[in-house]
1. Out of all the residues in the range 439-467, which are modelled with pLDDT of 95 or more and not in a loop (DSSP other than H, G, I, E, B)?
2. Taking strands (runs of 3 or more DSSP E) that fall entirely within the range 56-137, which contain at least 1 residues that are small (Gly, Ala, Ser)?
3. Search the range 299-321 for residues that are loosely packed, with under 14 Cβ neighbours inside 10 Å and part of a loop (DSSP other than H, G, I, E, B) and pair each with any residue that is at pLDDT 95 or above and not acidic (Asp, Glu) when their beta-carbon atoms are under 9 Å apart and the residues are at least 6 apart or on different chains.
4. With the structure loaded, tell me whether GLY404 is free of Cβ contacts under 8 Å to residues at least 40 places away in the same chain and under 23 Å from the mean Cα position of the chain (by Cα) or whether it fails that test.
5. Do we have ALA326 as within 20 Å of LEU265 (Cβ to Cβ), in contact (Cβ under 8 Å) with a residue 24 or more places away in the chain, buried (at least 16 other Cβ atoms within 10 Å of the Cβ) and in the same structural domain as GLU263 (by TED's automatic domain parsing) here?
6. Identify all residues within the range 7-29 that are of a type in the set (Ser, Thr, Tyr) and either outside the structural domain of CYS87 (by TED's automatic domain parsing) or exposed (fewer than 13 other Cβ atoms within 10 Å of the Cβ) (or both); write none if there are none.
7. If you check every pair at least six apart or on different chains, which have Cβ atoms under 9 Å apart with a residue in the range 211-226 that is surrounded by fewer than 24 Cβ atoms within 10 Å (Cβ to Cβ) and assigned to a loop (DSSP other than H, G, I, E, B) first and a residue that is modelled with pLDDT of 95 or more and among the hydroxyl-bearing types (Ser, Thr, Tyr) second?
8. Could you list, in sequence order, the residues of the range 152-179 that are farther than 24 Å from ILE415 by Cα and touching a Leu at 6+ places or on another chain (Cβ under 8 Å)?
Amino acid sequence: MTADVVLLLQDALGAAVDLRPTSLDAARADRSGHRAPAAPLAVVHARSVADVQTVMRIATRTGTPVVIRGAGTGLAGAGLAGAATICLSLTQLNRIREIRPEDQLAVVEPGIINADLNAALAEHGLWWAPDPASRDISTVGGNIGTGAGGLLCAKYGVVRDAVLGVDVVLADGELVRFGHRTVKGVTGYDLTALMIGSEGTLGVVVGATLKLRPLVAGAVCTVSAVFTDVRSAAAATAAVSAAGIQPAILELMDAHSVRAVHELLALVPPPAGTVHVTAQTDGASAPSEADAIAGVLRRHGAVVEVTGDPARGAELLRIRRSMHPAMAARGTTLIEDVSVPRSRLADMFDEIARIERDYDLLIPVVAHAGDGNLHPNFIFDGPEVPARVWDAAGELFRSALRLGGTLTGEHGVGILKARWLREELGDRQWRLQREIKRVFDPLGILAPGAVFADARPEHTSTDEGER
(Lines give C-alpha, C1' and ligand atoms only; values in the text may rest on other atoms or scores of the structure.)
Protein backbone atom coordinates (compact mmCIF):
# COMPACT_ATOMS: atom_id res chain seq x y z
CA MET A 1 0.00 0.00 0.00
CA THR A 2 2.86 2.39 0.84
CA ALA A 3 4.45 1.88 -2.57
CA ASP A 4 1.07 2.22 -4.27
CA VAL A 5 0.42 5.60 -2.63
CA VAL A 6 3.77 6.97 -3.76
CA LEU A 7 3.23 5.67 -7.30
CA LEU A 8 -0.23 7.22 -7.43
CA LEU A 9 1.20 10.56 -6.33
CA GLN A 10 4.05 10.37 -8.85
CA ASP A 11 1.73 9.40 -11.70
CA ALA A 12 -0.59 12.32 -10.94
CA LEU A 13 1.86 15.01 -9.90
CA GLY A 14 5.26 14.10 -11.33
CA ALA A 15 8.12 16.31 -10.13
CA ALA A 16 5.99 17.82 -7.36
CA VAL A 17 6.54 14.59 -5.41
CA ASP A 18 9.78 14.88 -3.44
CA LEU A 19 11.38 11.67 -2.15
CA ARG A 20 14.82 13.07 -1.32
CA PRO A 21 16.02 11.85 2.10
CA THR A 22 16.91 15.41 3.17
CA SER A 23 13.40 16.64 2.36
CA LEU A 24 11.75 13.72 4.12
CA ASP A 25 13.91 14.24 7.19
CA ALA A 26 13.24 18.00 7.29
CA ALA A 27 9.49 17.33 7.25
CA ARG A 28 9.81 15.46 10.55
CA ALA A 29 10.66 18.59 12.57
CA ASP A 30 9.50 22.14 13.18
CA ARG A 31 10.67 25.10 15.30
CA SER A 32 9.29 23.52 18.44
CA GLY A 33 12.45 21.41 18.42
CA HIS A 34 10.42 18.22 18.25
CA ARG A 35 10.51 15.63 15.50
CA ALA A 36 8.44 12.67 14.40
CA PRO A 37 10.02 9.26 15.09
CA ALA A 38 10.09 8.37 11.37
CA ALA A 39 9.97 10.12 7.98
CA PRO A 40 6.85 10.54 5.80
CA LEU A 41 6.21 8.62 2.59
CA ALA A 42 6.72 11.71 0.45
CA VAL A 43 6.71 15.49 0.49
CA VAL A 44 4.38 16.93 -2.16
CA HIS A 45 5.11 20.53 -3.15
CA ALA A 46 1.69 21.69 -4.33
CA ARG A 47 1.91 24.16 -7.21
CA SER A 48 -1.82 24.82 -7.54
CA VAL A 49 -5.13 24.28 -5.82
CA ALA A 50 -5.68 21.40 -8.23
CA ASP A 51 -2.53 19.73 -6.89
CA VAL A 52 -3.90 19.98 -3.36
CA GLN A 53 -7.18 18.46 -4.48
CA THR A 54 -5.34 15.61 -6.19
CA VAL A 55 -3.34 14.82 -3.05
CA MET A 56 -6.46 14.77 -0.89
CA ARG A 57 -8.35 12.55 -3.34
CA ILE A 58 -5.51 10.05 -3.37
CA ALA A 59 -5.25 10.23 0.41
CA THR A 60 -8.98 9.60 0.81
CA ARG A 61 -8.96 6.74 -1.71
CA THR A 62 -6.07 5.01 0.06
CA GLY A 63 -6.78 6.06 3.64
CA THR A 64 -3.38 7.73 3.90
CA PRO A 65 -2.85 10.44 6.56
CA VAL A 66 -1.84 13.93 5.40
CA VAL A 67 0.13 16.55 7.34
CA ILE A 68 -0.15 20.08 5.97
CA ARG A 69 3.03 22.10 6.15
CA GLY A 70 4.08 25.67 5.53
CA ALA A 71 7.43 27.09 6.52
CA GLY A 72 7.85 24.70 9.47
CA THR A 73 7.98 27.50 12.05
CA GLY A 74 5.31 26.09 14.36
CA LEU A 75 5.93 25.67 18.07
CA ALA A 76 3.33 23.02 18.94
CA GLY A 77 4.29 20.16 16.62
CA ALA A 78 1.18 20.21 14.40
CA GLY A 79 3.32 20.20 11.25
CA LEU A 80 5.42 17.13 12.04
CA ALA A 81 5.07 14.58 9.22
CA GLY A 82 5.74 11.04 10.44
CA ALA A 83 5.64 7.46 9.26
CA ALA A 84 3.10 6.44 6.60
CA THR A 85 1.94 10.03 6.03
CA ILE A 86 1.98 12.40 3.06
CA CYS A 87 3.54 15.77 3.83
CA LEU A 88 1.61 18.36 1.81
CA SER A 89 3.79 21.46 1.47
CA LEU A 90 2.06 24.73 0.53
CA THR A 91 5.13 26.98 0.32
CA GLN A 92 4.92 27.21 -3.49
CA LEU A 93 1.37 28.53 -3.28
CA ASN A 94 2.68 31.99 -2.47
CA ARG A 95 0.96 34.48 -4.76
CA ILE A 96 -1.03 37.59 -3.94
CA ARG A 97 -4.12 37.09 -6.06
CA GLU A 98 -5.71 40.46 -5.46
CA ILE A 99 -5.28 43.71 -3.52
CA ARG A 100 -8.27 46.03 -3.29
CA PRO A 101 -7.30 49.26 -1.49
CA GLU A 102 -10.83 50.66 -1.78
CA ASP A 103 -12.18 47.68 0.18
CA GLN A 104 -9.09 47.28 2.38
CA LEU A 105 -8.77 43.59 1.56
CA ALA A 106 -6.35 41.23 -0.12
CA VAL A 107 -6.75 37.69 -1.41
CA VAL A 108 -3.63 35.58 -0.99
CA GLU A 109 -2.36 32.03 -1.21
CA PRO A 110 -1.25 30.35 2.03
CA GLY A 111 2.47 30.08 1.28
CA ILE A 112 3.20 33.79 1.16
CA ILE A 113 5.53 34.98 3.92
CA ASN A 114 3.91 37.39 6.37
CA ALA A 115 6.62 40.07 5.93
CA ASP A 116 6.61 39.76 2.12
CA LEU A 117 2.86 40.34 2.10
CA ASN A 118 3.23 43.49 4.16
CA ALA A 119 6.04 44.77 1.95
CA ALA A 120 3.70 44.49 -1.04
CA LEU A 121 0.78 46.04 0.83
CA ALA A 122 2.88 49.01 1.94
CA GLU A 123 2.96 50.21 -1.68
CA HIS A 124 -0.80 50.67 -1.36
CA GLY A 125 -0.61 52.33 2.07
CA LEU A 126 -1.98 49.18 3.74
CA TRP A 127 -0.83 46.41 6.08
CA TRP A 128 -2.02 43.13 7.57
CA ALA A 129 -1.91 43.51 11.33
CA PRO A 130 -0.91 40.08 12.75
CA ASP A 131 2.71 40.41 13.88
CA PRO A 132 4.14 37.07 15.09
CA ALA A 133 7.79 37.05 16.07
CA SER A 134 8.33 34.79 13.06
CA ARG A 135 6.82 37.25 10.57
CA ASP A 136 10.01 37.27 8.45
CA ILE A 137 9.88 33.50 7.90
CA SER A 138 6.36 32.26 8.71
CA THR A 139 3.58 31.93 6.15
CA VAL A 140 0.14 33.49 6.23
CA GLY A 141 -1.34 30.00 5.99
CA GLY A 142 0.64 28.95 9.04
CA ASN A 143 -0.47 32.10 10.86
CA ILE A 144 -4.09 31.16 10.07
CA GLY A 145 -3.59 27.52 11.02
CA THR A 146 -2.30 28.37 14.49
CA GLY A 147 -4.35 31.51 15.11
CA ALA A 148 -1.11 33.47 15.53
CA GLY A 149 -0.72 36.67 17.51
CA GLY A 150 2.43 38.64 18.23
CA LEU A 151 3.67 41.87 19.76
CA LEU A 152 1.08 44.14 18.15
CA CYS A 153 -1.94 42.12 19.20
CA ALA A 154 -2.48 44.30 22.29
CA LYS A 155 -4.01 46.92 19.99
CA TYR A 156 -4.57 45.29 16.62
CA GLY A 157 -5.75 41.82 17.57
CA VAL A 158 -4.80 38.37 16.34
CA VAL A 159 -5.31 36.47 13.08
CA ARG A 160 -8.95 35.71 13.91
CA ASP A 161 -9.61 39.47 13.80
CA ALA A 162 -7.97 39.90 10.39
CA VAL A 163 -9.42 37.17 8.13
CA LEU A 164 -12.69 37.65 6.25
CA GLY A 165 -12.83 34.31 4.47
CA VAL A 166 -10.89 31.19 3.50
CA ASP A 167 -10.82 28.80 0.55
CA VAL A 168 -10.53 25.24 1.84
CA VAL A 169 -9.88 21.88 0.22
CA LEU A 170 -11.71 19.30 2.31
CA ALA A 171 -10.42 15.84 3.14
CA ASP A 172 -12.16 14.35 0.10
CA GLY A 173 -10.65 16.92 -2.28
CA GLU A 174 -13.68 19.19 -2.69
CA LEU A 175 -12.97 22.95 -2.78
CA VAL A 176 -15.27 25.13 -0.65
CA ARG A 177 -15.28 28.81 0.24
CA PHE A 178 -16.14 30.10 3.70
CA GLY A 179 -16.70 33.68 4.76
CA HIS A 180 -17.19 36.93 2.86
CA ARG A 181 -15.52 39.84 1.12
CA THR A 182 -17.62 42.23 3.18
CA VAL A 183 -16.76 43.76 6.53
CA LYS A 184 -20.01 42.42 7.96
CA GLY A 185 -21.48 38.98 7.30
CA VAL A 186 -23.39 36.71 9.67
CA THR A 187 -25.02 34.25 7.29
CA GLY A 188 -25.00 30.78 8.79
CA TYR A 189 -22.35 29.39 11.11
CA ASP A 190 -18.97 31.11 11.11
CA LEU A 191 -16.92 28.38 9.44
CA THR A 192 -14.11 30.84 8.71
CA ALA A 193 -13.55 31.30 12.43
CA LEU A 194 -13.71 27.53 12.86
CA MET A 195 -10.88 27.04 10.35
CA ILE A 196 -8.65 29.64 12.03
CA GLY A 197 -6.55 27.89 14.64
CA SER A 198 -7.69 24.43 13.49
CA GLU A 199 -4.04 23.41 12.86
CA GLY A 200 -4.71 21.45 9.69
CA THR A 201 -7.22 19.09 11.31
CA LEU A 202 -10.31 20.16 9.33
CA GLY A 203 -9.10 20.98 5.83
CA VAL A 204 -6.38 22.57 3.72
CA VAL A 205 -6.52 26.37 3.52
CA VAL A 206 -5.54 27.22 -0.06
CA GLY A 207 -6.59 30.86 -0.10
CA ALA A 208 -7.52 33.63 2.31
CA THR A 209 -9.37 36.92 2.05
CA LEU A 210 -7.65 39.22 4.52
CA LYS A 211 -8.93 42.30 6.31
CA LEU A 212 -6.35 45.09 5.94
CA ARG A 213 -5.67 48.34 7.74
CA PRO A 214 -4.30 51.67 6.54
CA LEU A 215 -0.69 52.21 7.51
CA VAL A 216 -0.58 54.09 10.80
CA ALA A 217 0.15 57.78 10.36
CA GLY A 218 1.76 59.96 12.99
CA ALA A 219 4.35 59.43 15.67
CA VAL A 220 5.56 56.23 17.29
CA CYS A 221 6.66 56.53 20.91
CA THR A 222 8.45 53.90 22.96
CA VAL A 223 8.30 53.49 26.73
CA SER A 224 10.91 51.42 28.57
CA ALA A 225 10.44 50.72 32.26
CA VAL A 226 12.71 48.96 34.73
CA PHE A 227 11.27 47.20 37.79
CA THR A 228 12.99 45.39 40.63
CA ASP A 229 10.44 42.55 40.85
CA VAL A 230 8.21 40.80 38.38
CA ARG A 231 5.01 40.98 40.43
CA SER A 232 5.12 44.79 40.47
CA ALA A 233 5.79 44.83 36.74
CA ALA A 234 2.87 42.50 36.03
CA ALA A 235 0.54 44.53 38.25
CA ALA A 236 1.65 47.70 36.46
CA THR A 237 0.86 46.31 33.00
CA ALA A 238 -2.56 45.21 34.21
CA ALA A 239 -3.10 48.74 35.52
CA VAL A 240 -2.25 50.17 32.09
CA SER A 241 -4.98 48.04 30.52
CA ALA A 242 -7.44 48.82 33.31
CA ALA A 243 -6.85 52.54 32.78
CA GLY A 244 -8.18 52.23 29.24
CA ILE A 245 -4.89 53.14 27.57
CA GLN A 246 -4.34 51.27 24.29
CA PRO A 247 -0.66 50.70 23.50
CA ALA A 248 0.22 48.93 20.26
CA ILE A 249 2.84 46.92 22.17
CA LEU A 250 2.99 46.09 25.88
CA GLU A 251 5.64 43.47 26.70
CA LEU A 252 7.17 42.15 29.92
CA MET A 253 10.47 40.32 30.38
CA ASP A 254 11.30 38.70 33.73
CA ALA A 255 14.74 38.87 35.35
CA HIS A 256 15.97 35.57 33.85
CA SER A 257 15.08 36.80 30.36
CA VAL A 258 16.60 40.24 30.81
CA ARG A 259 19.88 38.78 32.02
CA ALA A 260 20.06 36.28 29.15
CA VAL A 261 19.40 38.93 26.50
CA HIS A 262 22.03 41.25 27.95
CA GLU A 263 24.54 38.42 27.76
CA LEU A 264 23.58 37.60 24.16
CA LEU A 265 23.85 41.23 23.02
CA ALA A 266 26.98 41.90 25.10
CA LEU A 267 25.25 44.72 26.98
CA VAL A 268 26.23 45.97 30.43
CA PRO A 269 24.85 43.41 32.92
CA PRO A 270 21.68 44.68 34.63
CA PRO A 271 21.35 44.73 38.41
CA ALA A 272 20.12 41.43 39.84
CA GLY A 273 16.36 41.05 39.66
CA THR A 274 15.88 43.64 36.89
CA VAL A 275 12.56 43.25 35.05
CA HIS A 276 11.72 45.12 31.84
CA VAL A 277 8.40 46.41 30.53
CA THR A 278 8.39 47.82 27.00
CA ALA A 279 5.43 49.67 25.52
CA GLN A 280 4.93 51.36 22.19
CA THR A 281 2.18 53.74 21.09
CA ASP A 282 1.34 54.90 17.58
CA GLY A 283 -0.89 57.30 15.72
CA ALA A 284 -1.87 60.90 16.40
CA SER A 285 -2.27 60.37 20.14
CA ALA A 286 1.00 58.44 20.56
CA PRO A 287 2.85 61.07 22.69
CA SER A 288 -0.02 61.58 25.15
CA GLU A 289 -0.67 57.83 25.42
CA ALA A 290 3.04 57.17 26.02
CA ASP A 291 3.08 59.78 28.79
CA ALA A 292 -0.03 58.23 30.36
CA ILE A 293 1.55 54.76 30.29
CA ALA A 294 4.74 56.13 31.80
CA GLY A 295 2.73 57.69 34.62
CA VAL A 296 1.03 54.38 35.47
CA LEU A 297 4.34 52.49 35.42
CA ARG A 298 6.06 55.07 37.64
CA ARG A 299 3.24 54.84 40.17
CA HIS A 300 4.04 51.13 40.41
CA GLY A 301 7.68 51.79 41.18
CA ALA A 302 9.36 51.76 37.75
CA VAL A 303 12.22 53.85 36.44
CA VAL A 304 10.89 54.94 33.05
CA GLU A 305 12.30 56.25 29.78
CA VAL A 306 10.04 57.70 27.07
CA THR A 307 11.33 58.42 23.57
CA GLY A 308 9.89 59.49 20.25
CA ASP A 309 13.17 58.85 18.46
CA PRO A 310 12.71 55.90 16.05
CA ALA A 311 16.32 54.72 16.37
CA ARG A 312 16.21 54.71 20.16
CA GLY A 313 12.80 53.03 20.10
CA ALA A 314 14.12 50.28 17.84
CA GLU A 315 17.09 49.79 20.17
CA LEU A 316 14.81 49.37 23.18
CA LEU A 317 12.50 47.00 21.34
CA ARG A 318 15.49 44.98 20.12
CA ILE A 319 15.99 43.75 23.68
CA ARG A 320 12.51 42.22 23.67
CA ARG A 321 12.86 40.76 20.17
CA SER A 322 16.15 39.09 21.18
CA MET A 323 14.52 37.03 23.91
CA HIS A 324 14.23 33.71 22.14
CA PRO A 325 17.64 33.70 20.45
CA ALA A 326 18.99 34.30 23.94
CA MET A 327 17.10 31.26 25.20
CA ALA A 328 18.34 29.09 22.33
CA ALA A 329 21.91 30.07 23.18
CA ARG A 330 21.45 28.53 26.64
CA GLY A 331 20.42 25.03 25.59
CA THR A 332 17.49 23.05 24.28
CA THR A 333 14.32 25.08 24.79
CA LEU A 334 10.73 24.05 25.26
CA ILE A 335 8.81 27.27 24.58
CA GLU A 336 5.37 27.27 26.17
CA ASP A 337 2.36 29.50 25.67
CA VAL A 338 -0.41 30.13 28.19
CA SER A 339 -2.81 33.02 28.66
CA VAL A 340 -4.60 34.33 31.73
CA PRO A 341 -6.89 37.31 32.34
CA ARG A 342 -4.74 40.43 32.53
CA SER A 343 -5.84 41.01 36.10
CA ARG A 344 -4.32 37.62 37.04
CA LEU A 345 -0.96 38.13 35.34
CA ALA A 346 0.85 38.82 38.61
CA ASP A 347 -0.72 35.68 40.14
CA MET A 348 0.53 33.62 37.20
CA PHE A 349 4.07 34.86 37.79
CA ASP A 350 3.67 33.79 41.43
CA GLU A 351 2.66 30.34 40.20
CA ILE A 352 5.68 30.14 37.90
CA ALA A 353 7.98 31.06 40.82
CA ARG A 354 6.38 28.29 42.88
CA ILE A 355 6.88 25.77 40.07
CA GLU A 356 10.52 26.82 39.77
CA ARG A 357 11.01 26.06 43.46
CA ASP A 358 9.03 22.82 43.44
CA TYR A 359 10.83 21.38 40.41
CA ASP A 360 14.24 23.01 40.93
CA LEU A 361 14.12 24.78 37.56
CA LEU A 362 14.75 28.22 36.12
CA ILE A 363 11.83 29.21 33.86
CA PRO A 364 12.55 32.47 31.98
CA VAL A 365 9.32 34.16 30.92
CA VAL A 366 8.39 36.80 28.39
CA ALA A 367 4.81 38.00 28.19
CA HIS A 368 2.58 39.84 25.77
CA ALA A 369 1.32 41.66 28.84
CA GLY A 370 -1.21 43.67 26.87
CA ASP A 371 -3.37 40.57 26.47
CA GLY A 372 -2.18 38.28 29.29
CA ASN A 373 -0.23 35.86 27.06
CA LEU A 374 2.90 34.37 28.69
CA HIS A 375 5.72 32.36 27.11
CA PRO A 376 7.55 30.39 29.82
CA ASN A 377 10.75 28.73 28.59
CA PHE A 378 12.05 25.42 29.89
CA ILE A 379 15.77 25.06 29.14
CA PHE A 380 17.66 21.79 29.47
CA ASP A 381 20.58 19.84 28.02
CA GLY A 382 20.25 17.02 25.52
CA PRO A 383 17.76 16.11 22.81
CA GLU A 384 14.88 14.82 24.95
CA VAL A 385 12.62 16.66 27.35
CA PRO A 386 13.29 15.36 30.88
CA ALA A 387 10.28 13.93 32.72
CA ARG A 388 10.70 16.63 35.36
CA VAL A 389 10.23 19.33 32.71
CA TRP A 390 7.07 17.69 31.35
CA ASP A 391 5.72 17.44 34.90
CA ALA A 392 6.52 21.11 35.55
CA ALA A 393 4.89 22.11 32.25
CA GLY A 394 1.77 20.19 33.19
CA GLU A 395 1.63 21.99 36.53
CA LEU A 396 2.08 25.31 34.72
CA PHE A 397 -0.84 24.56 32.39
CA ARG A 398 -3.09 23.61 35.29
CA SER A 399 -2.11 26.80 37.13
CA ALA A 400 -3.16 28.86 34.12
CA LEU A 401 -6.50 27.04 33.98
CA ARG A 402 -7.11 27.58 37.70
CA LEU A 403 -6.60 31.31 37.15
CA GLY A 404 -9.26 31.37 34.45
CA GLY A 405 -6.78 31.06 31.59
CA THR A 406 -6.06 28.78 28.67
CA LEU A 407 -3.41 26.30 27.49
CA THR A 408 -2.47 28.35 24.46
CA GLY A 409 -2.87 31.93 23.36
CA GLU A 410 -1.27 31.74 19.92
CA HIS A 411 0.96 28.69 19.33
CA GLY A 412 -1.83 26.12 19.14
CA VAL A 413 -2.27 22.69 20.72
CA GLY A 414 -0.53 20.57 18.10
CA ILE A 415 1.01 17.41 19.50
CA LEU A 416 2.71 18.99 22.49
CA LYS A 417 -0.43 19.98 24.42
CA ALA A 418 -2.92 17.38 23.23
CA ARG A 419 -2.76 15.44 26.52
CA TRP A 420 -4.02 18.47 28.47
CA LEU A 421 -6.74 19.63 26.08
CA ARG A 422 -9.57 17.71 27.75
CA GLU A 423 -8.75 19.30 31.12
CA GLU A 424 -9.50 22.73 29.68
CA LEU A 425 -12.48 21.87 27.50
CA GLY A 426 -14.28 19.46 29.80
CA ASP A 427 -15.72 16.14 28.64
CA ARG A 428 -18.77 17.43 26.78
CA GLN A 429 -17.00 20.14 24.80
CA TRP A 430 -14.10 17.78 24.08
CA ARG A 431 -16.54 15.27 22.60
CA LEU A 432 -18.31 17.97 20.60
CA GLN A 433 -15.03 19.11 19.10
CA ARG A 434 -14.11 15.57 18.16
CA GLU A 435 -17.52 15.22 16.48
CA ILE A 436 -16.87 18.39 14.47
CA LYS A 437 -13.54 16.91 13.43
CA ARG A 438 -15.31 13.75 12.20
CA VAL A 439 -17.77 15.81 10.11
CA PHE A 440 -14.91 17.46 8.22
CA ASP A 441 -12.57 14.45 8.25
CA PRO A 442 -14.57 11.24 8.59
CA LEU A 443 -11.58 9.00 7.84
CA GLY A 444 -9.34 10.81 10.33
CA ILE A 445 -6.59 11.39 7.76
CA LEU A 446 -5.87 15.09 8.44
CA ALA A 447 -3.09 15.98 10.89
CA PRO A 448 -2.85 12.59 12.64
CA GLY A 449 -1.82 12.95 16.27
CA ALA A 450 -2.45 16.69 16.44
CA VAL A 451 -4.86 18.26 18.94
CA PHE A 452 -6.84 15.10 19.83
CA ALA A 453 -3.97 12.75 20.74
CA ASP A 454 -1.78 12.09 23.75
CA ALA A 455 1.60 11.08 22.32
CA ARG A 456 4.70 12.97 23.36
CA PRO A 457 7.06 13.46 20.42
CA GLU A 458 10.81 13.29 20.56
CA HIS A 459 12.63 16.57 21.14
CA THR A 460 15.61 17.96 19.33
CA SER A 461 17.44 21.22 19.80
CA THR A 462 16.38 24.33 17.88
CA ASP A 463 18.34 27.48 17.18
CA GLU A 464 15.30 29.66 16.70
CA GLY A 465 12.91 31.26 19.08
CA GLU A 466 9.23 32.03 19.25
CA ARG A 467 7.40 31.29 16.05
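The values are calculated or read from the model by the stated rules, or taken from the named source; none is laboratory data. The shown structure was predicted, so the numbers you read here are calculated from the model rather than taken from an experiment. Note that we place each Cβ from the backbone using ideal geometry, even for glycine, and neighbour counts take in every protein chain shown.
1. Answer for the range 439-467, where residues must be modelled with pLDDT of 95 or more and not in a loop (DSSP other than H, G, I, E, B): VAL439, PHE440, LEU446.
2. In the range 56-137, 86-89, 105-108 are the strands (runs of 3 or more DSSP E) which contain 1 or more residues that are small (Gly, Ala, Ser).
3. Going by the 9 Å Cβ cut-off, the qualifying pairs are ASP309/THR222.
4. no
5. For ALA326, the condition - within 20 Å of LEU265 (Cβ to Cβ), in contact (Cβ under 8 Å) with a residue 24 or more places away in the chain, buried (at least 16 other Cβ atoms within 10 Å of the Cβ) and in the same structural domain as GLU263 (by TED's automatic domain parsing) - is met.
6. THR22
7. Filtered contacts from the range 211-226: ALA219/THR281.
8. ALA154, ALA162, VAL163, LEU164, ASP167, VAL176, PHE178, GLY179
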